[in-house]
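Okay, so here's the structure we're looking at.
The values are calculated or read from the model by the stated rules, or taken from the named source; none is laboratory data. Values in this document were obtained by computation on a predicted structure and should not be read as measured data. All Cβ positions, even for glycine, are placed from backbone atoms using ideal geometry, and neighbour counts span all protein chains on display. Quick note on the areas: whole protein, heavy atoms, side chains included, nothing else; ligands and nucleic acids left out. Shrake-Rupley method; radii C 1.70, N 1.55, O 1.52, S 1.80 Å.
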Amino acid sequence: MSDSPSPRRPRPPVPVTVLTGFLGAGKTTLLNRLLADPAMKNTAVLINEFGDVGLDHLLVRTVDEGIVMLSSGCVCCSVRGDLVAALEDLVRALDNGRVDPFDRVVIETTGLADPIPVIHTIMAHPYLAMRYRLDAVITVVDAVNGLATLDGHAEAVRQVAVADRIVLTKTDLLDRPDRLAAFAKLSERLARLAPTAIRLDAAGGEATPAAVLAAGLIDPATRSPDVARWLNETALAADGVSHSHDDGIKSFVLTSDRAIGSASFDMFLELLRGAHGPKLLRVKGVVKIAEFPDRPVVIHGAQHLFHPTTMLDAWPDGDARTRIVFILKDMEPAVIEALHDAFVGIARADQPDRAALTDNPLAIPGTAL
Ligand SMILES: Nc1nc2c(ncn2[C@@H]2O[C@H](COP(=O)(O)OP(=O)(O)OP(=O)(O)O)[C@@H](O)[C@H]2O)c(=O)[nH]1
C-alpha cells in the first residue's frame, strides 16, 4: 500500500484480520507476541473486552499506539455500532493524517463472540466495505481445553468452522496421557470442522506474523493474490467433502472448468443467499465468468452477506477453474452443486434446468432443488 496516495486515487482497502477464539484460549498472548515483531509495526488494533477492562489492553497498548478500545460488551451484538464507529474513526484519522499510515487492522473479538457478525460489519457497511476488506479469520484454540470447549459451546464451533488459520496454544502443557488423548481427538475434530485451515502451533514457535497473516487472498510478502494458498483446497481434495456430523458442519469445494455467464452467476448467488443464507457459514473462492474468462472474480461471503466482488487481472496460479470453498451448516453440498450445474447448463435428468428455476413464476427461489 502506498503511504501517500494521490488525492484523486482513493486508498486501497485496508486488510482486516479478525482474531477470535474462546475465553482464555490465548488471543491476547498471541496478539502481544505478534505485535512485538517489527513486521507488525504498521498494524492498528481494535480490542473488544467483555466486562471490565483488564490488563489485556494495557499490555497491547504498550507495544502499539494505534489502538482504539471498544467499550465493554460483546462485539457480536451490543457493540457492533461501536465497531463500525471505531473502524470509521480509524480511516478518518488516517485520511486526516492524525495517525501514521497503517497497512493492516487486527480486531480481537471477545471469547464469546460469533465471528460472523464481525465479518458482516466489514462486508455490509457501504462505506466500510470500500475502505476495508476482510483478509482472514484467525482462530485461537487451546490444546488442553479445546475439546471440552467445542463440546460445550456453539460459538466455539463456529469460530473454528470459519477460520482461515487455527493457532493452537498451550501445546507445551500436553505432558499427561489424558491430555494427549484429548488433544488427538481435538486435532481430528478441527480437521473435520475446518479442513482448509492450516494449523499453527504457537508454543512450538510456528505462529509468526508471516505464518499467521499470510492467510488472506493477498500474500503480504509478494502483495499479489495467491488463490491456492488462500483456498487451500487441496486439503479437501481427497474425498471432496468434509463432514462433521455432530455439529452439522460440512466443507466442500465446488470446482468447475465451465465458465458461468455473469448474469447467471449473479442469479446463482442470489438464489443461494435468499434460500440458504443462514446455512452458508463461509463462502470464498474464484469464479470463471464467461464474458471475461481470463479475469477471475473473487467472491467472499458469510451467510447472506457478501463482500463486493472484485476482479483479478489474471489467474494467479495458472489454474483457470472456478473454485469455491463452502462451509455449510445443516446443508448438503449436492444442493449447491445442482444449482451451479443448472446455471452453467449441465443437464441433470432429475433436476430442473436454469429456465425452470428462473422463469417459472411458481418456483420458490432456491427451494426447487
Ligand atoms: N502454558 C501456556 N499458557 C498460555 C499459552 N497461551 C496463553 N497462555 C496463558 O493462558 C491464559 C489466557 O491467555 P489470554 O491470552 O489472556 O487469553 P484470551 O483468549 O485473550 O482470553 P480472554 O480475553 O479471556 O478471552 C494466560 O494465563 C496466558 O498466559 C501457551 O501457549 N502456553
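Name the residues in segment 294-308 that are in contact (Cβ under 8 Å) with a residue 24 or more places away in the chain and outside any strand (DSSP E or B), would you?
Start the filter on segment 294-308 by keeping residues that are in contact (Cβ under 8 Å) with a residue 24 or more places away in the chain, which leaves 294, 296-308.
Scanning segment 294-308 gives ASP294, PRO296, GLN303, HIS304, HIS307, PRO308.
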Regarding segment 223-231, can at least one residue be identified that is open to solvent by less than 50 Å² (accessible area, probe 1.4 Å), among the hydroxyl-bearing types (Ser, Thr, Tyr) and in contact with a Phe, Trp or Tyr (Cβ under 8 Å, 6 or more places away or on another chain)?
no
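If you check THR255 against the conditions, is it open to solvent by 50 Å² or more (accessible area, probe 1.4 Å) and closer than 19 Å to HIS340 by Cβ?
On the way: open to solvent by 50 Å² or more (accessible area, probe 1.4 Å): yes; closer than 19 Å to HIS340 by Cβ: yes.
So THR255 fits the description; yes.
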Residues being within 13 Å of the ligand (Cβ to nearest atom), assigned to a loop (DSSP other than H, G, I, E, B) and touching a residue at least 12 places away in the same chain (Cβ under 8 Å) - total across segment 155-190:
2
Of all residues in segment 191-232 being touching a helix residue (DSSP H, G or I) at 6+ places or on another chain (Cβ under 7 Å) and within 16 Å of the ligand (Cβ to nearest atom), the one that is nearest to ARG158 (Cα to Cα)
ARG199
Scanning segment 321-335 residue by residue, those surrounded by fewer than 16 Cβ atoms within 10 Å (Cβ to Cβ) and in a loop (DSSP other than H, G, I, E, B) turn out to be ARG321, ASP330, GLU332
